[in-house]
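The values are calculated or read from the model by the stated rules, or taken from the named source; none is laboratory data. Note that the structure is predicted; figures quoted are calculated from it, not measured. Cβ placement follows ideal geometry from the backbone for every residue including glycine, while neighbour counts extend to all protein chains displayed.
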Amino acid sequence: GAGVSQTPSNKVTEKGKYVELRCDPISGHTALYWYRQSLGQGPEFLIYFQGTGAADDSGLPNDRFFAVRPEGSVSTLKIQRTERGDSAVYLCASRRTGEMNTGELFFGEGSRLTVL
Amino acid sequence: LAKTTQPISMDSYEGQEVNITCSHNNIATNDYITWYQQFPSQGPRFIIQGYKTKVTNEVASLFIPADRKSSTLSLPRVSLSDTAVYYCLVVRLTGGGNKLTFGTGTQLKVEL
């Protein structure tokens, strides 16, 4: 597609449930980022992938959070045993790297997660 | 990467020029300065990027002094639709990618 696509746009779940959030980056973008944003705050870095590998996962808050990008394109953020504090907008962004690297992140519209 | 500091909020009126300054005292030689704009319920959107002196595009200008320890985003003749949060980031373009960290940003409110 033309832009970064995130699904679902909204997810309501109950405390303790498992959730998957999907990101489809811009074709050809090798770097993919996940951020979490709470109301009134800037996006909080979670993890970024360079190709299939997680180049930096230092932002993942705990071991309930995990992300994969098995084929170097689509990525899934997985949250186990959700807690009310996980409620936020989860943003995905992709970026060119290499010779065409401008540093510009292209963001999706986000997935709003609400844990009841 | 260098930490950035910018004002939490700014108010302006339609038609005025708005300047938002960001401090990045520990910027490294191969770091660039990048600004993003975010509207409610949307992801941030790239506005402009620069290394030194002045960069201008159809949306904004970016002024970077010789020591590069700060930068100023200039929005000419703002309108109500420029009400948004503006983020300053320091970006290192070498290598395959990096941990791009957003601060709390500057909430710009434009009124009639």
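A few notes on this one:
- Residue in the range B:82-89 that is surrounded by 16 or more Cβ atoms within 10 Å (Cβ to Cβ), more than 25 Å from A:Tyr33 (Cα to Cα) and among the acidic types (Asp, Glu) present: yes
- Test for B:Thr106: is it away from every other protein chain (no Cβ under 14 Å) and touching a residue at least 24 places away in the same chain (Cβ under 8 Å): no
- Those strands (runs of 3 or more DSSP E) of the range A:2-116 in which 1 or more residues are touching a residue at least 60 places away in the same chain (Cβ under 8 Å) occupy A:5-7, A:10-13, A:19-24, A:31-37, A:75-79, A:88-95, A:111-115.
- Among (1) more than 12 Å from chain A (Cβ to nearest Cβ); (2) assigned to a strand (DSSP E or B); (3) modelled with pLDDT under 95, the one test that B:Glu58 misses: (2)
- Meets criteria (within 12 Å of chain A (Cβ to nearest Cβ), assigned to a loop (DSSP other than H, G, I, E, B) and hydrophobic (A, V, I, L, M, F, W, C)) for B:Leu100: yes
- Subset tally (residues that are surrounded by 11 or more Cβ atoms within 10 Å (Cβ to Cβ) and either among the hydrophobic types (A, V, I, L, M, F, W, C) or more than 14 Å from B:Gln16 (Cβ to Cβ) (or both)) for the range B:62-81: 13
- If you go through the range A:9-35 and keep only what is within 14 Å of another protein chain (Cβ to nearest Cβ) and of a type in the set (A, V, I, L, M, F, W, C), you end up with A:Leu21, A:Cys23, A:Ile26, A:Ala31, A:Leu32, A:Trp34.
- The range B:41-55 - residue that is without any contact (Cβ under 8 Å) to a residue 24 or more places away in the chain, part of a loop (DSSP other than H, G, I, E, B) and at the interface with chain A (Cβ under 10 Å from one of its Cβ atoms) and, of those, surrounded by the fewest Cβ atoms within 10 Å (Cβ to Cβ): B:Ser41
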